[in-house]
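What follows draws every value from the coordinates through simple rules; no lab data is involved. None of the values given here were measured: they were computed from a predicted structure. Backbone-built Cβ (ideal geometry, glycine too); neighbour counts: all protein chains shown.
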Amino acid sequence: MPHRLTFSALLFCLLAALPGGGTEIGDGLRGAAEYRVVTADFRQIRRLKELGMELTIRGSMASERNGRLRWQVDSPTRSVTLIGSETLRHFDRETGKTAVIRKDSFPWLRIMGDAMNDWLTGDPERLARRFKVSRPSPGTLLLAPTDPGLQQFCRSVELSFSPDRRELRKIRIDEPSGDELEIIFLNVKRDPPLPPDFWRMPPE
Amino acid sequence: MKRFAEQLLRFTRRHGPGCAAAVILLGLLSGAALLRARFTNDVSRLFPDTPESRATFQVLRETRLADTVQLEFLSERSIVRHEAWLDRTAGRIAAIPGVRNVLFRYRSGDLLSELEDLTGAIPRMFPPDILRTCDPDAAARSAVKQLAFPAPGGMRLLRSQPFGIERTLLLRLKNLDETTGFLTAPEHPCFVSRDGKRAMIIFESGIELGDADAVRRLFAAVREAAAPLPEGVKMRIVSGCSHTLGNEETLKRDATVAGSVSLLFFLAIFFAFYRRGGAPDWRALWIPAVPLYASLLALGLMTLFFREICLYVIGLGSCITGLAIDQGIHVYAACRGPEAEKRVAALVKPMTLSAATSILVFVFLALTGICAYRQLAFFAGTSLALSCFIALALLPHLLDRDRPAAELPLPGMRFRLPGAARLLLCAAVAAAAGFGIRALLRNADFSLASLDGTPAEILREEAEFRAAWRKAGPSAAVIAAAGPTGDAAQQRLRSVTDRLEGRIAVAGPPVPPRSERRRNRGMWRSDPARREIAELETRTRAACLRAGLPANFFDPFFLRLRAGIDGGGDGLPPLLEHVSRRMVREHPGGASAVALMADSPENARAAREALRRQGFRDCALLSKEAFHTIIREELGGRFRVLFALSVLAALLLAAAVFRNFTDVLRALTPVLVSFALLAVLGGATGFRATPAAAFALVLLTGLAVDYGIYAVCRRNDPDMPEVRTPVVLSAVTTVAGAGALLVSKHPALFGTGAVLAPGIAAACLCGLALASRPAGAAPKGSGEKKKPHSFPTAALPLLFVLLFSGGGCAGKGAVSPREAAAAEEIRERLRLYPDTPFTVQGVARLEAPGRGFTFLLGAEIDPAAGKIRAAAVHPGSGVLLFRIPEAEAGSPAAASPPPRELLRTARNLSDALRRIFLHKNPEPLAVSQKQEYIAVCSADGVETRLHPWGMERRRDAWFSPSWRCEYRDGGKETVYRIPERGVSLRLSIRHTGSGEKNDPDTGLRHRR
């Protein structure tokens, strides 16, 4: 169960971090609505305050518009996670095992799913139902969760967009424990050619 | 006998005042005893006293599982805004005397902290051996992988639970969650439904099973505690206690209605027939007074032998009174002029014989071992015997002898048929009866609901409650154990669940008994265990460094573990506390423990076997399936024996008195005729035979034979008065008494009335026909030789058909469709379509004799609302052919006009689609193994049969148009047929447009 909880939080974060996912956020942060799939490399930095520890993870991701999301970690561990509307599949390259979690078997996914939808739509009214939205600087949105369920996992979420406001470049999550999670997206591409078995699980 | 009766009459005439005083004194004593009597509507009294049913109800009573009350609060808007009010209400309810374990808020609200708390509980939940399963290197590697996830908030948990020991506890909770199918909104730490519009407070009431007064007081107190409700909020009480209350109200209402109707009928007869010189003969009022008084005496006597009297018996009392009135009616008819005593004495033979047959049948009922029937047997037997005695000994002195006897203008009912025609008629009746019996057996309902008179409103509310708070699928069955303490109960429960381990999935209490928890912690406090912890800590630190983590990464785990070992409290983490309290209950006078499993026939069979091996010692299986099996096996099995015995007893008694084969058969003819009529009527109307109806059939044997006895006595005894008028009048009173039960809402009383009313009417008509002496024929006693009558002999085939056709009524040979080999297949088929709104598009092919017509069918189906909208389009021209439900059919612009059959089918297509797509919840119906299909019957009476060649659906009543629907190719193709019209409709369902989800199993796309 703790691992499922982790997975659910993962889902929450991953889908929040879609580089091209926004359509219109707040007062004019515009994303590109015209794409089928977007890919990017990422660098994820986790800072554990109590232990004074910083861990950097590298990998790549791909996201279909209104569809699946593929999250691949290459370093320091190797895994691929595929998230659909009904299930989350996680393949551990080191053990060769695949874990499958159904959304309906883990109700906390619903909370995360609702938050995810709010973010994806970029609808200010929907965002305002779960987050207090502010704009500390141009190209940056600060979301403070108002939902008690979300408050257990994050204190605030900061989204940073590209200068043309078409791409999400960075996401930073402040946790209630003081820990931080930062994900930086690099090499963002829209509708790149993908191998036919790209979405296959377990991957080749 | 006649001489004895005459002497008795002379004695009572001489000692009239003394006899009257004795009877009045007995009445007063009975009345006083009744004032102190206790009445109950406990459903357990309707079950046989076998080890299993005894244990079941004893455990149900001792564990007090049925006393749980759920208060549901409903709001049009979010109920969460009333959370504070609900907290206060829960507090007020907890203050009600007798109420325990009130639960609304079951978590603190901080899930991560609650999960972390599980680590501190390890030393009580497991022995130290569990440490040997810990692999520090694997834990460190796993931690690094989880850190790689971009997941906020999980770090605390990762550090305090490296080895996943706590997962065992969480898996137990998950199993419980899945078994109960309980649905709550997880984001709320209290009971709030997924839609956020319902909240629930649960508590234990401590009310004993069947104590309706206590339930009434409790419900009033609860309503007072919850008042005033916030604006827009409604409260509903859902509890087994509501069944107690509902049953009592139903029974009281039914008894009142049945008694009143019976009384009204008698008064109507009284004013119509018992008149003298145009004025009512008031002395005739003694006729109903005699059985009523005898009933009073019998009830008073009952209090000496039974601690509590079943209200069910009182409900049937009106019927018994109706039977005993017959005796007074016969005495009234005989008690005329100077020869009155001689004429009354001539009645002693038929009256005592008919009373004896009825009493014997009641005695057989007592042998079923069912408490309610034992009481009924005592009450009815005593009442009939006393009534018979008073009617013979005292009633003649209370009646007016000078009034001429009124005779009904009854037509002659003698008819003669040629021998071959008689045989043919009997064979036809026997065939129809045999067919009817098979239909009756097919429709038999031996479920718990057949004994439950809870009003429909309460059942509807319960169904709504289940739909809102539970997942679809089988409900949970409970294995319960009782004991003096929680530990003892839990140990007993384990002795059963251990036998089931590895065979079926059973979810027991998530925490071990208290004694085991203390023992575990004691072991953790030993020096070897502490050394083992220290060693593990050292190895874990090293593993962390090897994996690139700080050495102290997992320190929170060891800190919490040691705190749990050294702590003194026995409190459980919040996540386990409320579940544990509900599964292991301690209450004044004892405790109980329960384990849960899916309520399937396989599970029930395995659990009953384990319980049987354990000897049903303070353990029982409580579930619908278990009750269904008990009723089917215990009641169904007994019924056959009882039925055969009652017919045999009537036969032997008649043989002992008449000593003539023809007379014996003649006396039994009304029984056979009434059985045949009931079989035909029951089969034709689709009547659901219940246990009460089955036992009423036994009762009918004893009653119907009376009419044959009077008829035979009348034919044979020259002193016997004319019986046709009293027979009709007594039948009318009996039918009125039994017929009044037809307005009963309690299924047990209704079933009894449904059998007795038409059965007695048929027996009466048959008795009248038999009692009519043929023209020129003389009674046997007159010395003239009479040609033996062949009609009763011809009835023999009927007797055999009735006794032996389809004798497998819900007995051990019957098999539930859910137990059949293809049960899973039928369930899968019924689960074919989703519960959420979806659309289908298909090519429909209508085939009529000699021609076919193809059209495109699109339908929008909303299973929750039970709504279907559909439209049919001509594939070539695109012209709209018809729409449903508007049913706008027929467009002349179609290139090829649809056949009339299509237009007719279109009008019914909505109904057909409803059955195809919305039929999901099969209700089990016992079917014979001899038949080559499995049948399930839906609530709306549609029967589904699974044949080797496919699935067939049809209505289950006679003479109604049948239709059937076959699924092929995993539901992609559905063929709908109306065989009577030679029409079939083939639906080839294909995918619909985008934005919809594809179901890989069926190829259907359905909209979410």
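Per the Cα gyration tensor, the stretch B:425-484 maps to an equivalent ellipsoid with semi-axes of 40, 18, 12 Å, ordered largest to smallest.
Calculate, for B:Asp129 and A:Arg102, the FRET efficiency according to 1/(1 + (r/R0)^6) with r their C-beta to C-beta distance and R0 30 Å; round to the nearest 0.05. Intermediate results must be reported in sequence, preceding the final value.
Values: r = 33 Å, r/R0 = 1.11.
In this case the efficiency is close to 0.35.
Determine the shielding of peptide B:154-165 by partner chains: average, over its residues, the number of Cβ atoms on other chains within 10 angstrom of each Cβ. Could the numbers behind the result be given before it?
Details: counts 11, 10, 6, 5, 4, 3, 1, 3, 0, 0, 3, 0.
Partner Cβ neighbours, averaged per residue: 4.
Once you average over the residues of B:136-149, how many Cβ atoms of partner chains fall within 10 Å of each Cβ? Could the numbers behind the result be given before it?
On the way: counts 0, 0, 0, 0, 0, 3, 3, 0, 4, 11, 6, 10, 16, 18.
Taking the mean over all residues of the peptide, I get 5.
For the stretch B:540-664, a simple Cβ point-charge model (Lys and Arg +1, Asp and Glu -1, everything else neutral) yields a dipole of about 220 debye relative to the Cα centre.
Across peptide B:75-84, how many C-beta atoms of other chains are within 10 Å of each residue C-beta, on average?
On the way: counts 0, 0, 0, 0, 0, 0, 0, 0, 0, 0.
For peptide B:75-84, the averaged partner shielding equals 0.
For B:Glu860 and B:Arg525, compute 0.36 nm times the residue count separating them, minus their Cα-Cα distance, and round to one decimal in nm.
On the way: separation 335, 0.36 × 335 = 120.60 nm, distance 6.55 nm.
Length gained between B:Glu860 and B:Arg525: 114.0 nm.
The charge dipole of the stretch B:502-543, taken about the Cα centre with unit charges on the Cβ atoms of Lys, Arg (+1) and Asp, Glu (-1), comes to about 200 debye, rounded to the nearest 20.
For a quick check: sort A:Ser177, B:Ser383 by the number of other beta carbons within 10 angstrom, fewest at the front.
On the way: A:Ser177 15, B:Ser383 28.
Least to most surrounded, the residues fall as A:Ser177, B:Ser383.
Applying a 10 Å radius around every beta-carbon, put B:301-311, B:388-398, A:35-45 in order of their mean neighbour count, most first. Intermediate results must be reported in sequence, preceding the final value.
On the way: B:301-311: 17.1, B:388-398: 21.9, A:35-45: 18.6.
With the highest mean Cβ count within 10 Å placed first, the list reads B:388-398, A:35-45, B:301-311.
In this simple spin-label approximation, B:Arg3 and B:Arg283 carry label points 7 Å from Cα along the Cα→Cβ vector, and these lie 2.9 nm apart. Projecting label points 7 angstrom from Cα along Cα→Cβ for A:Asp41 and A:Trp199 puts them 2.6 nm apart.
Using the Kirkwood radius built from alpha carbon pairs, what does the Stokes-Einstein equation give as D for the stretch B:613-704 at 4 °C and 1.567 mPa s, in µm² per second?
Values: Rh = 15.6 Å.
The calculation lands on 83 µm²/s.
Relative protection proxy for A:159-172, B:85-98, from highest mean packing down: A:159-172, B:85-98 (other beta-carbon atoms within 10 angstrom). Cross-link pairs exceeding 26 Å between alpha carbons, from the set B:Lys252/B:Lys471; B:Lys234/B:Lys471; B:Lys174/B:Lys471: B:Lys252/B:Lys471.
I'd like to compare B:73-79, B:195-201: which one has the highest average count of other Cβ atoms within 10 Å, and what's the full order after that? Mind showing how you got there, number by number?
Details: B:73-79: 17.3, B:195-201: 19.9.
The most tightly packed comes first, giving B:195-201, B:73-79.
Distance between the 7 Å Cα→Cβ label points at B:Ala33 and B:Val843: 8.1 nm.
As a rough footprinting exposure proxy, the listed residues B:Tyr106, B:Tyr293, B:Tyr707 were ranked by other beta carbons within 10 Å of their own, and the order from fewest upward is B:Tyr106, B:Tyr293, B:Tyr707. Looking at the stretch B:640-677, the trypsin sites (Lys or Arg not before Pro) that sit in a DSSP loop and have at most 11 other Cβ atoms within 10 Å of their own Cβ are B:Arg659. Dipole of the stretch B:529-670 computed with +1 at Lys/Arg Cβ and -1 at Asp/Glu Cβ about the Cα centre; of B:Gly571, B:Phe661, B:Gln614, farthest Cα towards the positive end is B:Phe661. Checked against a 24 Å cut-off, the cross-linked pairs B:Lys197/B:Lys624; A:Lys49/A:Lys170; B:Lys624/B:Lys745; A:Lys49/A:Lys97 give Cα-Cα distances beyond that limit for B:Lys197/B:Lys624; A:Lys49/A:Lys97. Between A:Ser156 and B:Arg107, the C-beta separation translates, for a Förster distance of 25 Å, into a calculated FRET efficiency of about 0.50. When each of A:Glu175, B:Glu6 is scored by the number of other beta-carbon atoms lying within 10 Å, the sequence from fewest to most is B:Glu6, A:Glu175.
Within the stretch B:509-605, the trypsin sites (Lys or Arg not before Pro) that combine a DSSP coil assignment with at most 13 other C-beta atoms in a 10 angstrom radius are B:Arg525. Across all directions, the average projected area of the convex hull around the alpha carbons of the stretch B:446-575 is 14.6 nm².
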